[in-house]
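Accompanying notes for the structure given below.
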Amino acid sequence: MKKVILIVSILIFILSYSCKKKTTEVKDISIIPQPASIEKSEGVFELNGKTKIVYPEMATVQDVVIYLKDYIKTSTGYELAYGSADENKNQIIFRIAGDKNLGEEGYILNVNDRQVIITAASSKGLFYGVQTLLQMLPPQIYSHQKVENVKWSIPACVIKDKPRFSWRGMHLDVSRHFFPVEFVKKYIDLIAMHKMNIFHWHLTDDNGWRIEIEKYPLLTEVAAWRVDRENMPWREVTPPDPGEKATYGGFYTQNEIREVIAYAAQRQISVIPEIEMPGHTCEVFAAYPELSCKGEELYVQPGSYWPNTDIFCAGNEEVFLFIENVLNEVIELFPADYIHIGGDEANKTEWEKCPKCQKRIRDEGLKNERELQSYFIKRIEKYLNSKGKKMIGWDEILEGGLAPEATVMSWRGFEGGIDAATLGHDVIMCPVSYCYFDYYQANPDFEPVAIGGFTSLKKVYSFEPVPEELNDVQAKHVLGGQGNVWTEFIPTPEHAEYMAVPRMTALAEVLWSPVEKRDWESFRGRLEDQEKRLYLMNVNFSQGSWKVDIKPSIENGSYLIELKSEQLNIPIYYTLDGTDPTEASLVYEKPFTVDKSSFIKAGIFVNGELKEDYSEKEIVLHKGVGKNSHLAEPPSKKYPANGAMSMVDGLKGSDSYRDGYWIGFHGTDMKLEVDLGKVEELSSIGASFFQNTGNWIFMPEMVTIEILDENKENLSKVNIAPDATPEVKGTIIEEIKADFDGIPGRYILVHAKNIKTIPKWHEGVGGKAWIFVDEVVIE
């Protein structure tokens, strides 16, 4: 059913677009990512069959010129000729000229009625100028076949542009599901279109080895193949039957890898290979079991594999010889400066039991298995450095001590990146809460199956790669960021496109455009033009979330409700009495006043049908709504909602802690102060708490509620323990409430004590516990 809904949505978009007139008028300049500056002029440049291309005869520049010529020929049919500069002729001119303000990747694009001039310090800048030029043409320029009756006009302007970050990447996991070379190239085209410059190719993992290594043929004969369980849910797969042949998988030959690298290079993209170690290596032991601690022959995992305990034996010298030999061939293939070695989720259970690993710990004077991992990573880094390469690893490589020159890819949050940058190491930010594109991007009930979570297009656009905890010197170590597409639940190229685009589009603007140029409303408008281009490129992109966000505010003493959606210029219908809205209901036009407790329901309709589901919120107008409030400790950056104001905004959170209304505190207490502004008689004060121990969220150990007078002297204090116990599974929402007998007070203090450390009975034992809290209702 979900697939049918997805296909119908795409068909509606295609039909609505294809029914439009084919002739295209020049409209406002619409470019993604937004350039640093645009100065519009009068007039247009008309691209036609007589347009000449002028460029300096340099091989790297010629690659850019050929790229542009091919694009133009495919959709227009024009075979543009080369010429010499003449300001009176219709020409596209490429110029190489140094400009310290633009750097290596910046460019100036100058368009008038006679010429298009792209100036840059290198071929990289010229290429990005070409990407901007293509977006200034009618969208049909992206068609894969010749298009008739189009006026190929480019608006006159001067654009000066350069990227904010040097690392603008997209990742693709081809181990969990294998994708053909043709799709990898298409993925690279999308990266290039968005002025991104890194393709992180995740080539090895427990579910399949995907790169030909000539010295170890069993890696492609055995480790690249698994039994076919594609008809089963990923987390419910069964192991191979006796004698069952492994038929699902594949690998890239070294020639295919060279082909992909050359293709990417023409598009100014560096291909960064990832070869996993010391964990996520189960597939290696299917081919070479002697490299594990147990020495047992395993099978390549056909699905979910957790806990992942199989790991390279750190006490076995043959392991390091194997890795060095593999890396030798990888280094020979990949010209990029970096090699990614993984390093994540390395379960050390086998190291604890392995005599060879324990001997290594003693011989090297290491304290524990964490330091053994550090020894392993540092040894690999030293080898890579000796070959002229730099090492990148996921943020777990910080464990036990970071390798001297390592670059950290921070995925579990911002903390690993902050720690690494503070130590003077380069960092690539890709926190799971913003940059994991295997998460849902719209209501899961109406989406293809995903791994879980929720990361909307708007959430991606709100990503800021440089944490405020870093000073100016430390911030320079943040090279940029990237989006990660893990493919456990993504079996096809079409599905991969759907998950990556347009979240890739949002991330591209975050990583390229100046902070002051980033504007969600502007981006959402320009995205409509980008979608036309993507359609013509046959990209199966997502239309994003149809959810209506219900946002409260206080203005001049009035309580206002704003209704918003990721969708652009589509009516929102709503009711205030809890009934289901229809297209005959109220139509949202601007923020409206609510003067009594209500129950809002809102939704979006397309062709008479409700898209996704209704949004609904109960509004509780109590004495605390809109009052000055303050949190003693800030909430987690992953779940900040609207800060302290979310606690007194009149809206209660839903049964999803990710809904943007719940505030999360990770390992810390919640301490809220509310100033009522004057003395009020108080009869009850309560706060709602969320528990789902499967997601490491627990009820507070104790909640303390206090009433203070105008001088902040205590009038009453109550300690209340929650009714829910941690052992209860599933989601529990409990209002913890204290009753008072009309006590006159001005200040309210609510202190929720976090259990801090996850208990021994829980799988996350020793980790930090979460508490989630919402509306403090004051009556």
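The values are calculated or read from the model by the stated rules, or taken from the named source; none is laboratory data. Model, not experiment: these values are computed from the prediction. Heads up, the Cβs are rebuilt from the backbone with ideal geometry, glycines too, and the neighbour counts pull from every protein chain shown. Note: areas computed on protein heavy atoms with side chains; ligands, DNA, RNA excluded. Shrake-Rupley method; radii C 1.70, N 1.55, O 1.52, S 1.80 Å.
Which of the following residues is closer than 27 Å to Tyr535 by Cβ and out of contact with any His (no Cβ under 7 Å at 6 or more places or on another chain): Asp189, Asp173?
Step by step, each of Asp189, Asp173 is checked, and only Asp189 is closer than 27 Å to Tyr535 by Cβ and out of contact with any His (no Cβ under 7 Å at 6 or more places or on another chain).
Give the residue, chosen from Tyr71, Tyr55, that is of a type in the set (Ser, Thr, Tyr) and closer than 25 Å to Ala508 by Cα. Outline the logic, then answer.
Values: Tyr55 fails: closer than 25 Å to Ala508 by Cα.
Within the list Tyr71, Tyr55, the selection yields Tyr71.
Of all residues in segment 76-132, which are over 23 Å from Ile29 (Cα atoms) and either under 32 Å from the mean Cα position of the chain (by Cα) or acidic (Asp, Glu) (or both)?
If the condition is that a residue be over 23 Å from Ile29 (Cα atoms) and either under 32 Å from the mean Cα position of the chain (by Cα) or acidic (Asp, Glu) (or both), then Glu79, Asp86, Glu87, Asp99, Lys100, Asn101, Gly103, Glu104, Ala121, Ser122, Ser123 are the ones that fit.
Scan (1) free of Cβ contacts under 8 Å to residues at least 40 places away in the same chain; (2) surrounded by fewer than 18 Cβ atoms within 10 Å (Cβ to Cβ); (3) touching a strand residue (DSSP E or B) at 6+ places or on another chain (Cβ under 6 Å) for the single condition His630 breaks and write down its number.
Condition not satisfied by His630: (1).
Are there strands (runs of 3 or more DSSP E) fully within segment 688-779 with at least 2 residues that are in contact with a Pro (Cβ under 7 Å, 6 or more places away or on another chain) and either modelled with pLDDT under 95 or of a type outside the set (A, V, I, L, M, F, W, C) (or both)? List them.
Working: elements: 702-708, 714-720, 732-753, 770-778.
Ranges flagged: 732-753.
Based on this model, can you work out whether Leu563 counts as touching a strand residue (DSSP E or B) at 6+ places or on another chain (Cβ under 6 Å), over 25 Å from Ala450 (Cα atoms) and crowded, with 19+ Cβ neighbours inside 10 Å?
Working: touching a strand residue (DSSP E or B) at 6+ places or on another chain (Cβ under 6 Å): yes; over 25 Å from Ala450 (Cα atoms): yes; crowded, with 19+ Cβ neighbours inside 10 Å: yes.
Considered against the rule, which asks whether it is touching a strand residue (DSSP E or B) at 6+ places or on another chain (Cβ under 6 Å), over 25 Å from Ala450 (Cα atoms) and crowded, with 19+ Cβ neighbours inside 10 Å, Leu563 comes out as yes.
So, of the residues in segment 238-259 that are under 20 Å from Phe179 (Cβ atoms) and among the β-branched types (Val, Ile, Thr), which turns out to be least open to solvent (accessible area, probe 1.4 Å)?
Kept after step one, since they are under 20 Å from Phe179 (Cβ atoms), are these residues of segment 238-259: 246-259.
In the following step, the residues that additionally are among the β-branched types (Val, Ile, Thr) were identified as 247, 253, 257.
Working: Thr247: 83, Thr253: 47, Ile257: 0 Å².
It comes out as Ile257.
Please go through segment 285-322 and give me each residue that is open to solvent by less than 10 Å² (accessible area, probe 1.4 Å), modelled with pLDDT of 95 or more and within 27 Å of the chain's Cα centre (by Cα), ordered by number.
Of everything in segment 285-322, those that are open to solvent by less than 10 Å² (accessible area, probe 1.4 Å), modelled with pLDDT of 95 or more and within 27 Å of the chain's Cα centre (by Cα) turn out to be Pro302, Gly303.
Take the residues of segment 435-465 that are open to solvent by 30 Å² or more (accessible area, probe 1.4 Å) and in a helix (DSSP H, G or I): which is nearest to Leu610 (Cα to Cα)?
Ranking the candidates gives Phe446 first.
Could you grab the pairs with beta carbons closer than 6 Å, sequence gap of 6+ or different chains, first residue in segment 654-679 and touching a residue at least 60 places away in the same chain (Cβ under 8 Å) and β-branched (Val, Ile, Thr), second one surrounded by 17 or more Cβ atoms within 10 Å (Cβ to Cβ) and part of a strand (DSSP E or B)?
What qualifies is Ile663/Val773; Val674/Ser629; Val674/Ile748; Val679/Arg746.
For Ala224, are the conditions met, namely being small (Gly, Ala, Ser), open to solvent by less than 60 Å² (accessible area, probe 1.4 Å) and over 30 Å from Gly481 (Cα atoms)? Walk me through how you get there before you give the answer.
Working: small (Gly, Ala, Ser): yes; open to solvent by less than 60 Å² (accessible area, probe 1.4 Å): yes; over 30 Å from Gly481 (Cα atoms): no.
Answer is no for this residue.
Condition check ((1) hydroxyl-bearing (Ser, Thr, Tyr); (2) at pLDDT 95 or above; (3) surrounded by 14 or more Cβ atoms within 10 Å (Cβ to Cβ); (4) in a helix (DSSP H, G or I)) across all residues:
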residue	(1), (2), (3), (4)
Glu324	no, yes, yes, yes
Ile331	no, yes, yes, yes
Pro335	no, yes, no, no
Ile339	no, yes, yes, no
Asn347	no, no, yes, no
Trp351	no, yes, yes, yes
Lys356	no, yes, yes, yes
Arg362	no, yes, no, yes
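Step by step: first the residues of segment 376-414, then only those that are of a type in the set (Phe, Trp, Tyr) and under 31 Å from the mean Cα position of the chain (by Cα), then the one that is modelled with the lowest pLDDT. Which residue is that?
Among residues in segment 376-414 that are of a type in the set (Phe, Trp, Tyr) and under 31 Å from the mean Cα position of the chain (by Cα), the one modelled with the lowest pLDDT is Phe414.
Kindly provide the set of residues from segment 492-527 that are in contact with a Ser or Thr (Cβ under 8 Å, 6 or more places away or on another chain) and among the charged types (D, E, K, R), ordered by number.
Passing the criteria: Arg503, Arg526.
Which residues, counting only those in segment 707-730, are open to solvent by less than 80 Å² (accessible area, probe 1.4 Å), touching a Gly at 6+ places or on another chain (Cβ under 9 Å) and at negative phi?
Within segment 707-730, Ile707, Leu708, Asp709, Leu715, Ser716 meet the criteria.
When segment 364-414 is examined, which residues are found to be open to solvent by less than 10 Å² (accessible area, probe 1.4 Å) and in contact with a Ser or Thr (Cβ under 6 Å, 6 or more places away or on another chain)?
Ile392, Asp395, listed by residue number.
When you look at Trp546, is it within 30 Å of Glu618 (Cα to Cα) and either of a type outside the set (A, V, I, L, M, F, W, C) or open to solvent by less than 30 Å² (accessible area, probe 1.4 Å) (or both), yes or no?
Against the criterion (within 30 Å of Glu618 (Cα to Cα) and either of a type outside the set (A, V, I, L, M, F, W, C) or open to solvent by less than 30 Å² (accessible area, probe 1.4 Å) (or both)), Trp546 qualifies.
Would you pick out the residues in segment 410-424 that are touching a strand residue (DSSP E or B) at 6+ places or on another chain (Cβ under 6 Å), farther than 29 Å from Tyr498 by Cα and not in a helix (DSSP H, G or I)?
Filtering segment 410-424 for residues touching a strand residue (DSSP E or B) at 6+ places or on another chain (Cβ under 6 Å) gives 410-411, 416-417, 420-421.
If we keep only those that are farther than 29 Å from Tyr498 by Cα too, we end up with 416, 420-421.
Passing the criteria: none in range.
Against the condition of a type in the set (Val, Ile, Thr), touching a Ser or Thr at 6+ places or on another chain (Cβ under 8 Å) and either on the phi > 0 side of the Ramachandran plot or touching a residue at least 40 places away in the same chain (Cβ under 8 Å) (or both), how does Ile572 come out, does it pass?
Details: of a type in the set (Val, Ile, Thr): yes; touching a Ser or Thr at 6+ places or on another chain (Cβ under 8 Å): yes; either on the phi > 0 side of the Ramachandran plot or touching a residue at least 40 places away in the same chain (Cβ under 8 Å) (or both): no.
Taking the combined requirement at face value, the residue does not satisfy it.
Being in contact (Cβ under 8 Å) with a residue 60 or more places away in the chain, more than 13 Å from Pro722 (Cβ to Cβ), surrounded by fewer than 24 Cβ atoms within 10 Å (Cβ to Cβ) and over 32 Å from the mean Cα position of the chain (by Cα) is the filter here, so list the residues in segment 683-706 that pass it.
If the condition is that a residue be in contact (Cβ under 8 Å) with a residue 60 or more places away in the chain, more than 13 Å from Pro722 (Cβ to Cβ), surrounded by fewer than 24 Cβ atoms within 10 Å (Cβ to Cβ) and over 32 Å from the mean Cα position of the chain (by Cα), then Ser683, Ser684 are the ones that fit.
Among the residues of segment 466-492, which ones are open to solvent by 10 Å² or more (accessible area, probe 1.4 Å), closer than 28 Å to Asn207 by Cβ and among the hydrophobic types (A, V, I, L, M, F, W, C)?
Answer for segment 466-492, where residues must be open to solvent by 10 Å² or more (accessible area, probe 1.4 Å), closer than 28 Å to Asn207 by Cβ and among the hydrophobic types (A, V, I, L, M, F, W, C): Trp486, Phe489.
Restricting to segment 736-748, name every residue that is exposed (fewer than 14 other Cβ atoms within 10 Å of the Cβ) and either under 42 Å from the mean Cα position of the chain (by Cα) or of a type in the set (Gly, Ala, Ser) (or both).
Scanning segment 736-748 gives a single hit, Gly742.
Within segment 567-582, does at least one residue satisfy the condition of being open to solvent by less than 20 Å² (accessible area, probe 1.4 Å), under 30 Å from Ile29 (Cβ atoms) and assigned to a strand (DSSP E or B)? Explain how you work it out, then say what you get.
Quick first cut of segment 567-582, residues open to solvent by less than 20 Å² (accessible area, probe 1.4 Å) only: 572, 575, 581.
Those still in the list that are under 30 Å from Ile29 (Cβ atoms) too: 572.
Okay, now just the ones that are also assigned to a strand (DSSP E or B), so 572.
The answer is yes, given that some residue of segment 567-582 is open to solvent by less than 20 Å² (accessible area, probe 1.4 Å), under 30 Å from Ile29 (Cβ atoms) and assigned to a strand (DSSP E or B).
Looking at Glu618, is it in contact with a strand residue (DSSP E or B) (Cβ under 7 Å, 6 or more places away or on another chain), surrounded by fewer than 18 Cβ atoms within 10 Å (Cβ to Cβ) and in a loop (DSSP other than H, G, I, E, B)?
Working: in contact with a strand residue (DSSP E or B) (Cβ under 7 Å, 6 or more places away or on another chain): yes; surrounded by fewer than 18 Cβ atoms within 10 Å (Cβ to Cβ): yes; in a loop (DSSP other than H, G, I, E, B): no.
Against the criterion (in contact with a strand residue (DSSP E or B) (Cβ under 7 Å, 6 or more places away or on another chain), surrounded by fewer than 18 Cβ atoms within 10 Å (Cβ to Cβ) and in a loop (DSSP other than H, G, I, E, B)), Glu618 does not qualify.
Quick one: Glu673 ticks every box in (1) out of contact with any strand residue (DSSP E or B) (no Cβ under 6 Å at 6 or more places or on another chain); (2) farther than 21 Å from Gly764 by Cα except a single one, so which number is it?
Going through (1) out of contact with any strand residue (DSSP E or B) (no Cβ under 6 Å at 6 or more places or on another chain); (2) farther than 21 Å from Gly764 by Cα one by one, Glu673 breaks only (1).
Just one of Ala644, Ala632, Ala687, Ala584 is on the phi < 0 side of the Ramachandran plot and in contact with a Phe, Trp or Tyr (Cβ under 9 Å, 6 or more places away or on another chain); which is it?
On the way: Ala644 fails: in contact with a Phe, Trp or Tyr (Cβ under 9 Å, 6 or more places away or on another chain); Ala632 fails: in contact with a Phe, Trp or Tyr (Cβ under 9 Å, 6 or more places away or on another chain); Ala687 fails: in contact with a Phe, Trp or Tyr (Cβ under 9 Å, 6 or more places away or on another chain).
After applying the criteria, what remains is Ala584.
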